[in-house]
Every structure is written in structure tokens, then in C-alpha cells.
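The values are calculated or read from the model by the stated rules, or taken from the named source; none is laboratory data. Computed from a predicted structure; not experimentally measured. Glycine gets a Cβ as well: all are built from the backbone with ideal geometry, and neighbour counts include every protein chain shown.
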């Protein structure tokens with residue numbers, strides 16, 4: 001996890017994205033960047049508001065009650081062997097301290113690998129999540145799920161620049 005500003009993400013993140021082209025068989029996919037990209041939709045049962053203004057960005061604001069989930073989904077089955085990393089920015093809002101579990105799914109089948117993302121108070125944090133950590137192996141996936149695994153509601157947090165590379 002790295003604390004990051006938008007300017008830092010653009011400068012450093014695009015270089016990583018370009019390097020991802022060399023490592024992966026497929027070109028990087030921008031899933032969400034100041035708005036949802038074509039071919040993707042938002043699911044789950046958390047309250048979500050895409051395109052809210054926060055600093056100089058337009059992330060999706062997510063508010064999760066206990067045990068809620070939020071998803072980025074596509075109708076395509078993507079192959080885990082074609083990509084190495086999922087990169088995303090998380091902002092904890094004015095309070096921070098959110099803990100969210102990230103995992104991948106194919107339809108209703110959830111893979112067993114999970115990564116914990118944390119919202120930082122008033123700051124953006126960049127997460128570079130190797131797909132191997134999500135235990136996709138050589139499987140296919142179509143969904144990235146963020147889940148509140150606690151019995152407590154989470155304060156609103158924000159997600160932007162979700163890139164599969």
C-alpha cells in the first residue's frame with residue numbers, strides 16, 4: 001500500500017500500467033477511472049454513488065452496512081493467466097479505518113483468496129494486488145468483490161482508478 005495523490009498515480013501508475021503490457025498477454029483494462037468504463041457495471045447491495053467529487057477526482061462513494069458487498073462486474077469471462085495485477089486507489093473519507101476484503105469471483109463462485117484493503121483517514125492509498133494473492137490460479141473470473149466482513153457498518157469510503165493489468 002502506498003499513500004498517493006492523483007498526480008503521483010498518473011505519473012507512476014501509468015508507467016506500471018505500461019510495464020504490465022510487457023508482462024501480461026492482454027492490454028491493461030481500466031475498469032473505473034473517474035467513472036465506470038464500458039463493459040463493466042457495479043453490483044452488490046451496498047449503497048454506492050459513482051462520480052462523486054472528492055478532491056480532484058470522481059470516485060465511487062461506497063457505504064456498507066454489516067456484511068455488505070460491492071462489486072465491479074463484466075459479462076466477459078477473463079482469464080487469470082492474461083493478467084498479473086489489480087491496481088486501485090482507496091480513500092478512507094474523513095474518518096478512515098475501514099477494512100474491506102477484496103476477492104474475485106466467476107458468477108456465484110468465489111475464489112478463496114482474499115486481500116484486506118484499509119481506508120486511510122483523509123488520504124488516498126494505492127493498492128497493487130497480485131492476482132496470485134486472490135488464488136485465481138489458471139481460472140476465469142468476471143467480478144471483483146469488496147466485502148465488509150464485520151457486523152458493524154463502515155463509514156463511507158471511495159474507490160477510483162481500478163486497473164486490471
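Brief remarks on what is shown
- Selection status of residue 99, surrounded by fewer than 22 Cβ atoms within 10 Å (Cβ to Cβ) and modelled with pLDDT of 95 or more: yes
- The residue that is surrounded by the most Cβ atoms within 10 Å (Cβ to Cβ), among those in the stretch 65-79 that are within 19 Å of residue 96 (Cα to Cα) and within 15 Å of the chain's Cα centre (by Cα), is 70.
- Residues that are assigned to a strand (DSSP E or B), touching a residue at least 24 places away in the same chain (Cβ under 8 Å), touching a helix residue (DSSP H, G or I) at 6+ places or on another chain (Cβ under 7 Å) and under 23 Å from residue 150 (Cα atoms), drawn from the stretch 69-125: 89, 103, 104
- All positions within the stretch 35-49 that are in a loop (DSSP other than H, G, I, E, B) and surrounded by 16 or more Cβ atoms within 10 Å (Cβ to Cβ): 46
- Selection from the stretch 45-54 of residues that are in contact with a strand residue (DSSP E or B) (Cβ under 8 Å, 6 or more places away or on another chain) and over 23 Å from residue 106 (Cβ atoms): 47, 49, 50, 51, 52, 54
- Residue selected from the stretch 126-141 under the condition assigned to a strand (DSSP E or B) and more than 13 Å from the chain's Cα centre (by Cα), by the criterion surrounded by the fewest Cβ atoms within 10 Å (Cβ to Cβ): 140
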